[in-house]
Amino acid sequence: MRGMSPATPGTGKPDKLPPGPARMNTPPDPHSIAALRERHGPRYRWLLLLSVMVGTMASVMSSTIVNVAIPDMSHHFALGQERAQWASSGFMAAMTVSMLTTPWLLTRYGYRRTYTGCMWLLLVGGLVGGFAQHYPLVLAARVAEGLAAGVVQPIPAIIILRAFDSQEQGRASGIFGMGVVLAPALGPSIGGLLVDAFGWRSIFFLVVPFCLASLWMARRFVPTTAPGGAAPNPQGAALDWRGLLLATAGTLCLLNGLVELKGGTPLAAFGLLGGAALALLVFVALQRRMLLARTRHPDQGVDPLLNLSLFRDRRFAMGSIVAFIYGVALFGSTYLLPVYMQMGLGLSASFVGTILLPAGLVLAVTIAVVGRISDRQPAHRLVSIGLLLLACSFALMPTIDTDHRAQTLTLLVAWAILGRLGLGFILPSLNVGAMRGLARAQIPQGASAINFLRMLGGAAGVSLCGIVLEWRTAAHGLKLVPGNTAPGHLAPFNETFFMVAAICALAIGAAVKMRAKTGKAAGQ
């Protein structure tokens, strides 16, 4: 796969493409990466990053903000909780699988057509979902939004690793991460106000101004070229449809199997989980065969959806493990913390959003600061520190004493902030640190693979926390209802928090192995 032209050392500026017959006979593209950089000068790489950041913020916000509208939506369409929840689950499944198609789309259609196509799809999904009169249309709109969000999310990492030199990549990741993290941090609070004032439909319309702004900026700053500075190749290798169908089937089997474990029959649950395992084995075998065929005959065949040769690089392999476990802990905790505060501590939904808001703001600031530090410190060290802080925040949750309300709220905010500090250390460092050992042509595949694993871990993490919480609640002879003050009613939550802390601690071992073989700081 072609990549954006290599950066000149120490400048972050892409080298000019070598002259050739195609370049001499074809007029230069005024919207290529080279032309845009010449037009806007050294600041162009930051304008490009800002352009994709706006669209990514829209996609991230659309993934989380709908949760506050599910009760109103289920009442409006007279749905049960499980059917209404598919508005969120369908989005997650579509987003997870579509991430694997990003490298193929970029090579086939280039940055601008891929990015603007996703923004149009996200925009149409928001409008259709907002005006829909039937729930199946709402669900279709959410799936469309998920497909767009999945393709978009690996693109910023590709741009950071290609348009910035190694001394600026951490800073760029920090600035980008700060903007993207503010979306889910502020989303639930804004969403709650919108739902109360205008109803659930307003949630869908919220992405419209972000999409319009991103489309305007894309016309000005996002290049038409493919990752490599070359023109897109519409006649290139076909998409690996068999791999995509297997990945989709495996993901759906996994998510539904975990749901069945929580509220269905054991036979259905293990049947679906077995189907997920079988799909994984067949997928890996297919990808290996396609990679061998492509290696032997570079001009024939189809590029594999997931290039398994990426995992020969130790830093990438260990970073992928960290990304999966990190997704389990992050998304699992976003489910567990609100349930804990409402069901366990008896706090109102609006109060929960207020308590979590300071932690979200601290996370945004931490990402910006750590982003600058990560240009001078090894990625494995920062990721390990972040995982340790995250594990400590979960392990300390059982210290909260409900008999003293003021102390309860203080400790709750403190431990939530400690966990967000940990995330702030991980987010700017993980992708850059994991992919610095890859060849430049492998960066698009690496970015989509690591984001896919993180989202797959996240989807599994939500179900895992729900399963463990219900299991421990039943084991203690308790019921998960608001206002429960029975003795030991927090024990199931505390045990689930210990489980999440243990998962984070396990990831530290993989994070340490992300160290470069030379022992020097990442990027050197």
From Phe283, Phe316, residue being in a helix (DSSP H, G or I) and farther than 22 Å from Arg242 by Cβ: Phe316
From Leu347, Leu278, Leu272, Leu337, grab the single residue that is farther than 23 Å from Trp104 by Cβ and outside any helix (DSSP H, G or I). Leu347
Only one of these is touching a residue at least 40 places away in the same chain (Cβ under 8 Å) and over 25 Å from Ala449 (Cα atoms): Met318, Met343. Name it. Met343
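State whether the residues of region 183-190 include one that is among the hydrophobic types (A, V, I, L, M, F, W, C), under 30 Å from Gln445 (Cβ atoms), assigned to a helix (DSSP H, G or I) and modelled with pLDDT under 75.
Looking for residues that are among the hydrophobic types (A, V, I, L, M, F, W, C), under 30 Å from Gln445 (Cβ atoms), assigned to a helix (DSSP H, G or I) and modelled with pLDDT under 75, one finds at least one in region 183-190, hence yes.
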Does Arg2 qualify as being out of contact with any His (no Cβ under 7 Å at 6 or more places or on another chain) and either at pLDDT 75 or above or among the polar types (S, T, N, Q) (or both)? no
Count of residues meeting criterion [at pLDDT below 80, within 24 Å of the chain's Cα centre (by Cα) and over 28 Å from Arg289 (Cα atoms)] in region 216-252: 0
Checking Arg294 against (1) free of Cβ contacts under 8 Å to residues at least 60 places away in the same chain; (2) in contact with a Lys or Arg (Cβ under 9 Å, 6 or more places away or on another chain); (3) among the charged types (D, E, K, R): exactly one of these is not met. Which one? (2)
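If I filter region 440-448 for residues that are in the same structural domain as Ala317 (by TED's automatic domain parsing) and within 16 Å of Ala510 (Cα to Cα), do I get at least one hit?
No, the conditions are met nowhere in region 440-448.
The values are calculated or read from the model by the stated rules, or taken from the named source; none is laboratory data. Bear in mind the structure is a predicted one, so any value in this text is a computation, not a measurement. With ideal geometry, Cβ positions are generated from the backbone for all residues, glycine too; neighbour counts draw on all protein chains shown.
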